Amino acid sequence: MDSPFLVVTSIADDTNAILKQYSSECKQRGVPFILIGDTKSPDSFYQEGCEFYSVEKQLQLDFAMPNQIPVKHYARKNIGYLIAIAKGATQIIETDDDNLPYESFWDERQIKIQANKLENKGWVNLYKYFADTNIWPRGFPLQHILDGIPEVGETELVHCPIQQGLADENPDVDAIYRLILPLPIKFNERSPIALGNRATCPFNSQNTTWFKEAFPLLYLPSYCSFRMTDIWRSFVAQRVAWTCGWSVLFHNSTVYQIRNDHSIIKDFEDEISGYLNNAKIMQSLNDLPLQMGVSFIHENLRLCYEELVRLGVVDEKELALVDLWIQDLQKI
């Protein structure tokens, strides 16, 4: 199997210990590492094993999107995905500059995997399967955090081109959790769980593997809160994945997080649009009459973002970026 590509966006300089570790391990393992900078990034970044793209270098690429994505936004990570795809990636692993890899992070990924599969269960809090305490992922609707979880049966072989790994120590929880409940936490190990048709849980961009057929669903929206861009992407990706007959996998932690400095109150403020709208967004996406089949993946992606615009949760300017994303993918 071809080596995966690693994609990260960061404004840290080349003394950052975690970026140095990824650079070193990628060089050692032959994993191409693409690092996307932003306006606050240093003018130059050099680590063997890492290919750094400043904003200036991004604008020189032969893609339509880089000139249009807003700066100072996490969604510039989209440029890293395009670079990896253009270089022939068949797998993309994404993480952040505050997640340290366990040895298992570098294990070979398989698109078909033995997992407990859940379908037609609505909202499913996947963190509860991996923990003995009440914990929920960022983006999970607050009105469902006390819901029970469905029982799982025997494992089966499931096709999962999107795979979310958990993160120990300081996992991806929302600001409300951080304000009132204890951390750190180490998740329990168990068999993976795959969410199929009409079973939903938000997933993030902190430890996620994407296989080639799902690359169109990598798209991160720009005209929304930084704290919601990967969450709302996950809702769109899950809705479109169902039309392709795919499941989304959740598996044991393969990283642990040493969280960058955050203002929890600022995070709370940036998450309000999610607290108020996440359940409504997914219900609206569920109700969309999307066409079935992988051949409609681009059309279905755009229809989902048209729905987010109609709901008023992303700006209408998002649709132009979605069109450029599809245009660049087709050009590649």
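Observations on the model:
- Computed from the C-beta positions of ASN120 and GLN327 and an R0 of 35 Å, the FRET efficiency is 0.50 to the nearest 0.05.
- Set of region 105-128 residues, backbone N closer than 20 Å to the point 7 Å along the Cα-Cβ line of ILE149: 113-128
- Of the trypsin sites (Lys or Arg not before Pro) in region 49-81, those whose Cβ has at most 16 other Cβ within 10 Å and which sit in DSSP loop: LYS72
- Dividing the mean sequence gap of close Cα pairs (under 8 Å, 6+ apart) by how many residues the chain holds gives a relative contact order of 20 percent.
- VAL255 long-range amide H proximity, modeled H, under 5 Å: TYR102, ASP168
- Computed lengthening from LYS20 to GLN68, 0.36 nm per intervening residue step minus Cα-Cα distance: 14.3 nm
- A straight Cα-to-Cα reach below 19 Å connects LYS317 with the aspartates and glutamates ASP230, GLU299, GLU306, GLU307, ASP328, residues fewer than 8 places away in its own chain not being considered.
- Calculated diffusion of region 1-97, Stokes-Einstein form, Kirkwood radius summed over Cα pairs, 10 °C and 1.306 mPa s, µm²/s: 119 µm²/s
- In sequence order, calculated HN-Hα J values of region 85-97 (Karplus, 6.51, -1.76, 1.60; Hz; x Gly/Pro): 5, 5, 7, x, 4, 10, 9, 10, 10, 10, 8, 10, 7
- Cα-derived Rg to Rh of the chain, Kirkwood definition: 0.93
- Amide H contacts of LYS117 (H built 1.01 Å from N, in plane; Pro and chain starts excluded): GLY153, GLU156, ALA194 sit under 5 Å, all sequence-distant by 5 or more or on other chains.
- With Cα atoms as the point set, region 131-215 shows a radius of gyration and Dmax of 14.0, 40 Å.
- With θ taken as phi - 60° and the Karplus curve 6.51 cos²θ - 1.76 cosθ + 1.60 applied, the whole-hertz 3J(HN,Hα) list for region 180-189 is 10, 10, x, 9, x, 9, 10, 5, 6, 9 Hz, x standing for glycine and proline.
- Of the GluC sites (Glu not before Pro) in region 128-187, the ones in a loop by DSSP (not H, G, I, E or B) with at most 15 other beta carbons within 10 Å are GLU151, GLU154.
- Descending semi-axes in Å of region 68-150, equivalent ellipsoid built from Cα gyration tensor: 30, 20, 15
- Note, ³J(HN,Hα) from phi for region 165-175, Karplus 6.51, -1.76, 1.60, rounded to Hz, x at Gly and Pro: x, 7, 10, 7, 6, 10, x, 7, 10, 7, 5
Where a number appears in this text, it was derived from the coordinates with a stated rule and is not lab data. Keep in mind that what you see is a predicted model, and the values were worked out from it rather than measured. So basically every Cβ, Gly included, is an ideal-geometry build from the backbone, and we count neighbours across all protein chains shown.
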